Amino acid sequence: MQKIVRSFLVLAVILTSSFGFAQGTQSWQQTSYEDFSKGTAKGVAVASTGHLENAPGFRQLFTSPSTYIWSMVADAKGVVYIGAGSPARVYRVTPDGRSAIIFAPKELQVQALALGADGAVYAATSPDGKVYRLASGMLRTANSAADPTKDKLGDAAGVPVDLAVDSTVFFDPKTKYIWALAFDKEDRLYVATGDRGEIHRVNKDGSGNVFFKSDEAHIRSMVFDHDGNLIAGSDGSGLVYRISPKGEGFVIYSAPKKEITALAIDAAGNIYAAGVGEKRNTASVVTSPFILPSQSGNISIPLVGITPQNVIGGSEVYRIAQDGSPKRLWGAKDDIVYALGFDANGRLLAGTGNKGRLVAIEQNGDFTDLLRASANQLTAFASAPGGMYVATSNLGKLFLFSAKPADDGTFESEVFDAHIFSKWGRTEVRGSGDFDLFTRSGNVDNPDRNWSNWQKIDQKRSAEISAPAARFLQWRVVMHPDSLARLESVKIFYLSKNVAPEVEDVVVQAGARFNNPNQPRSSGETVMVSVGQQNSPFATMTPHVVGPMPALRDRDSVAVRWAVHDENDDDLTYSIYYRGDGESRWKLLKDKITEKFYSWDAGLFPDGGYTIRVLASDSPSHTPEEALTDHRDSTRFEIDNTPPRVDGLSAQREGDQLHVTFSASDTFSPIKRAEFSLDAGEWQFVEPVGRISDAVIENYDFSVSALNVGSSSDSPASQTSGRAKKRIRNKTAKMEAASGPAQINQPEQPPISDEHVIVVRVYDRFDNVGTAKVIAK
């Protein structure tokens, strides 16, 4: 066993293993509440400030046949009385764990208990609630056998029946639900009810009346303050009332939550309230039905906390100071607070569900997860000799919570996934006190499936992990209770086996370029270069799909982009190689690229077909001996920078027609299309001989009308001449009407030319253009 460390220290061991602090060395550290809360604690408390410590002792005393325990009271001798449901019972349990059934009503639940000054136990039932007084006498129960010495109830439940207890109806509030009971200093009983939100005050003789009427549906919780005022919490608007002995109520706090499930008052008179549920949500814990079987069929009754899925927004704990000022101390979105109390040091405790957490809450809002019970909900507290009784539901159990740790506590971290087969190095631990640290490893994510055994770490010497190299690792700490052990941080160093990067896809886009990241973005038409999309065979095979990336259209450039994945998450560098058709050697285009894209001047490549190879290397993160590479080739692409040539262009007049012939040729790609223009007119498409343009040489032979070219009725010149003639005719008619015929000089028309200019242009498949002209007379 490790010797107790007397003062707070840092167990820091610097890595000096054979692989040293190479760039590939990584670490896994757990040092915060969020980290530790993912682990599994047994006898170890997890503090919100980010450390582990020994948890108080927590020992199971009694397991009841009932599923739910709603209330507890304890007498001066430490005998505790438990109100339970399903089935409805009142159990008596002694400090040494001996138990007996003292009450078994016909109702479905014993919802609340109170202990009177006369030593009698008062039990409230639901539904159709009544208050029973349990005192000495014979047990009376609807389920008892005729012969009380052979009570079947005790035999069936496995819990003996106490035959010296008498139960009588003490008070009937004539309402459906009773949620809480409390005695004042004059030994008068107060009964908090549902449906009408009433609190009844009952005298010692059982007579009572309405003490306070709320406009809320339910009064859920009650406690007396040091001045004799009754503090009550409601369901509906989450109100906390202060009610004077005269029954005068005053709302001291309207909580953000819908329902006040628990109340407590400390020695200084501060009030603590637990609120659950969102006010905007019409569902409530109290009004959420839970189906229980009965002799006459299923009965739907409201049971607090049994349907927490209907409580939206989790719960919060508030402190209301003596001056009336409220403060939110603690909150949890996934937990519901069922009970509030105080430990031996006056620290506030909250019993929660549905993970069975017992939480200690400090005045500054810091908190500690003390433990998790082997039940879903912690529902009630009661004082006990040397500690506190804690009751649970689902399952109905009784535990003894002590002030000091009783046994060694253990904490197991979450399983760490290095993602790759890894070698484990050393540990750095911050902590104090007496604790031992262990590790184990495996190659499946479940430690129960053939992992290595736990191996202890020698923290005083090498602090080296002896667990075998593997993909997964877990650490465990054993904290010894006699040293106030404390653990603040565990850091584990490891080196993953280097895995080569994987180039998943390479896409080349001719006629596009990427902007230089060090230069302002240029304007132009955007082209999307996609990697790992539908055209990639890796699109459905890998989760490392990369979306499209914008580039600019530029016919004089070529762009390439690639997708790469590295399991080690190493820094990578890239090299680009190219190879032309018919060539056997790859030639370097560019190296030491850190981005996953590159573009270059297409004029650097002669016309032809090419393939690009992208090589990825993890050398920036490894030594030259350990560095690995991978490469992938693009699909073949073509570059054509040379325009096509027009040969043999001629135009001959044949009557009113011009007969035009020429041939177009390209050194690399087929001719795409050809156009001509007559006397600077619009471009007109012309088909090659054979009509299909699919060869590097195409011949063209066509005729075009040369009649009235430039003066036809459709030409602008012709239209202008017609309008001028119309204006002249109108002017002449007016002059003739006034003074007879007038002589108007007609404008001269341009002569029809016998000379025509024909311009042709041809395009190859890469939109390179060649032009030529000819004059026809």
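The values are calculated or read from the model by the stated rules, or taken from the named source; none is laboratory data. For clarity, every value in this text was computed on a predicted model and none was experimentally measured. Here the Cβ positions follow ideal geometry from the backbone for every residue, glycine too, while neighbour counts run over all protein chains shown. Surface areas here come from the heavy atoms of the whole protein model, side chains and all, with no ligands, DNA or RNA. Shrake-Rupley method; radii C 1.70, N 1.55, O 1.52, S 1.80 Å.
Brief remarks on what is shown
- Condition check for residue 92: charged (D, E, K, R), at pLDDT 95 or above and not in a loop (DSSP other than H, G, I, E, B): yes
- Selected residue (only one of 294, 214, 284 is buried (at least 20 other Cβ atoms within 10 Å of the Cβ), modelled with pLDDT under 95 and more than 19 Å from residue 112 (Cα to Cα)): 284
- Qualifying positions in the stretch 146-182 - open to solvent by 30 Å² or more (accessible area, probe 1.4 Å) and either hydroxyl-bearing (Ser, Thr, Tyr) or at pLDDT below 50 (or both): 146, 147, 148, 149, 150, 152, 155, 156, 168
- Search result, residues across the stretch 416-427 that are open to solvent by less than 10 Å² (accessible area, probe 1.4 Å) and either more than 20 Å from residue 491 (Cα to Cα) or β-branched (Val, Ile, Thr) (or both): 427
- Residue that is least open to solvent (accessible area, probe 1.4 Å) [pool: residues in the stretch 624-664 that are outside any strand (DSSP E or B) and more than 23 Å from residue 600 (Cα to Cα)]: 644
- The residues in the stretch 599-610 that are in a strand (DSSP E or B) and either open to solvent by 60 Å² or more (accessible area, probe 1.4 Å) or touching a helix residue (DSSP H, G or I) at 6+ places or on another chain (Cβ under 8 Å) (or both) can be counted, and the count is 1.
- Whenever a residue of the stretch 183-208 is within 11 Å of residue 173 (Cβ to Cβ) and assigned to a loop (DSSP other than H, G, I, E, B), its partners that are modelled with pLDDT under 95 and charged (D, E, K, R), lying with C-beta atoms within less than 9 angstrom and at least six residues away or across chains, give the pairs 194/176; 195/176.
- Filtering the stretch 169-182 to residues that are in contact with a Gly (Cβ under 7 Å, 6 or more places away or on another chain) and assigned to a loop (DSSP other than H, G, I, E, B) leaves 173, 175, 176, 177.
- Looking only at the stretch 312-351, residues that are without any contact (Cβ under 8 Å) to a residue 60 or more places away in the chain, farther than 21 Å from residue 37 by Cβ and outside any strand (DSSP E or B) come to 7 in all.
- Criterion violated by residue 588 - all others in (1) in a strand (DSSP E or B); (2) in contact with a helix residue (DSSP H, G or I) (Cβ under 7 Å, 6 or more places away or on another chain) satisfied: (2)
- Filter result for residue 693 (open to solvent by less than 60 Å² (accessible area, probe 1.4 Å), among the hydroxyl-bearing types (Ser, Thr, Tyr) and modelled with pLDDT of 50 or more): yes
- Candidates 413, 441 - the one that is polar (S, T, N, Q), open to solvent by less than 30 Å² (accessible area, probe 1.4 Å) and either closer than 30 Å to residue 501 by Cα or in contact with a Cys (Cβ under 7 Å, 6 or more places away or on another chain) (or both): 441
- The residues in the stretch 361-373 that are hydrophobic (A, V, I, L, M, F, W, C), touching a residue at least 60 places away in the same chain (Cβ under 8 Å) and open to solvent by less than 20 Å² (accessible area, probe 1.4 Å) can be counted, and the count is 2.
- Residues being out of contact with any Pro (no Cβ under 9 Å at 6 or more places or on another chain) and open to solvent by 20 Å² or more (accessible area, probe 1.4 Å) - total across the stretch 397-410: 2
- Residue count for the stretch 183-200, restricted to those that are buried (at least 20 other Cβ atoms within 10 Å of the Cβ) and closer than 26 Å to residue 135 by Cα: 7
- Unique residue being within 30 Å of residue 360 (Cβ to Cβ) and of a type outside the set (A, V, I, L, M, F, W, C) when the list is 412, 464, 502: 412
- Residue match in the stretch 410-425 (condition: polar (S, T, N, Q), part of a strand (DSSP E or B) and over 26 Å from residue 30 (Cα atoms)): no
- For the stretch 39-54, the tally of residues that are part of a loop (DSSP other than H, G, I, E, B) and modelled with pLDDT under 95 stands at 1.
- Hey, residue 239 out of contact with any Ser or Thr (no Cβ under 6 Å at 6 or more places or on another chain) and crowded, with 18+ Cβ neighbours inside 10 Å or not: no
- Tally of residues being among the charged types (D, E, K, R) and either on the phi > 0 side of the Ramachandran plot or buried (at least 19 other Cβ atoms within 10 Å of the Cβ) (or both) across the stretch 552-582: 5
- Those residues of the stretch 460-479 which are over 28 Å from the mean Cα position of the chain (by Cα), within 21 Å of residue 405 (Cβ to Cβ) and open to solvent by 10 Å² or more (accessible area, probe 1.4 Å), in sequence order: 478
- Tabulated pairs, the stretch 89-104, first surrounded by fewer than 16 Cβ atoms within 10 Å (Cβ to Cβ), second not in a strand (DSSP E or B), C-beta under 6 angstrom, 6+ apart or interchain: 94/79
- Selection from the stretch 69-87 of residues that are of a type in the set (A, V, I, L, M) and not in a loop (DSSP other than H, G, I, E, B): 69, 72, 73, 74, 80, 82, 84
- In the set 444, 503, only one residue is under 32 Å from the mean Cα position of the chain (by Cα), part of a loop (DSSP other than H, G, I, E, B) and at pLDDT 95 or above; that residue is 444.
- Any hit, the stretch 428-437, residues being part of a loop (DSSP other than H, G, I, E, B), in contact with a His (Cβ under 6 Å, 6 or more places away or on another chain) and surrounded by 15 or more Cβ atoms within 10 Å (Cβ to Cβ): yes
- Subset of the stretch 648-693 (residues that are in contact (Cβ under 8 Å) with a residue 40 or more places away in the chain and of a type in the set (Asp, Glu)): 654, 656, 666, 675, 679
- Tally of residues being surrounded by fewer than 20 Cβ atoms within 10 Å (Cβ to Cβ) and β-branched (Val, Ile, Thr) across the stretch 444-459: 1
- Taking the listed residues 345, 394, 376, the one that is closer than 26 Å to residue 271 by Cα, open to solvent by 30 Å² or more (accessible area, probe 1.4 Å) and of a type outside the set (Gly, Ala, Ser) is 345, with no other qualifying.
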